[in-house]
Amino acid sequence: MASATETTTDTLNSLLRGELSAVETYRQAEEKFHGEYEEANLQRLEYEHQQAVDQLRRHVHMKGGQAAESSGAWGVFAQLVEGSAKIFGKAAALKALKEGEEIGIGDYESALKNESLPAECRSLIRDTLLPRCRQHVKNLDQLMSRN
């Protein structure tokens, strides 16, 4: 049976892999919008995901765990989705980003149901990371309405 520390670091690393995937996906999408209005907005969202990566890594280390270094299977999924979006156009790229944000929201909501997750981790998710992803969905909806 896994210890509470292992369960916590597994949960945090799962969220970390999702955030690493988000950073990769936003970078790919930014190429599609190079020099356009949307590029700066996507760069800001990518930066916020990079901040989440840094915060989650710190929490994994504080709990004595080894932080994930790559997105793993999430990255492969993100590459497939974003690769398809690149073929089909800008609207599809934005839709793929929105779908990724919605998956992230679900992952964060699931993590909050984990009662063994320490209070400081729950607070980070509830007060910072989850609201940020919800705001990203709204930002992407606004960008999609322009295209």
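Where the second residue is surrounded by 14 or more Cβ atoms within 10 Å (Cβ to Cβ) and of a type in the set (Phe, Trp, Tyr) and the first is closer than 20 Å to HIS49 by Cβ and touching a residue at least 60 places away in the same chain (Cβ under 8 Å) and lies in the range 107-129, which pairs have Cβ atoms under 8 Å and are six or more apart or on separate chains?
ILE125/TYR108; LEU129/TYR108
Can you name the residue in the range 27-49 that is modelled with pLDDT of 90 or more and surrounded by 16 or more Cβ atoms within 10 Å (Cβ to Cβ) and is also nearest to MET144 (Cα to Cα) among such residues?
GLU38
What about ALA68, is it surrounded by 19 or more Cβ atoms within 10 Å (Cβ to Cβ), assigned to a loop (DSSP other than H, G, I, E, B) and modelled with pLDDT of 85 or more? Lay out the reasoning, then the answer.
Numbers: surrounded by 19 or more Cβ atoms within 10 Å (Cβ to Cβ): yes; assigned to a loop (DSSP other than H, G, I, E, B): yes; modelled with pLDDT of 85 or more: yes.
Considered against the rule, which asks whether it is surrounded by 19 or more Cβ atoms within 10 Å (Cβ to Cβ), assigned to a loop (DSSP other than H, G, I, E, B) and modelled with pLDDT of 85 or more, ALA68 comes out as yes.
Which residue is farthest from THR25 (Cα to Cα), if the candidates are limited to the range 125-147 and must be of a type in the set (S, T, N, Q) and at pLDDT 95 or above?
Our first condition is that a residue be of a type in the set (S, T, N, Q); within the range 125-147, this holds for 128, 135, 139, 142, 145, 147.
Cutting the leftovers down to at pLDDT 95 or above gives us 128, 135, 139, 142.
Details: THR128: 21, GLN135: 17, ASN139: 16, GLN142: 19 Å.
Here the residue is THR128.
The values are calculated or read from the model by the stated rules, or taken from the named source; none is laboratory data. All values derive from a computational prediction rather than experimental measurement. Note: ideal-geometry Cβ built from the backbone for every residue, glycine included; neighbour counts use all protein chains shown.
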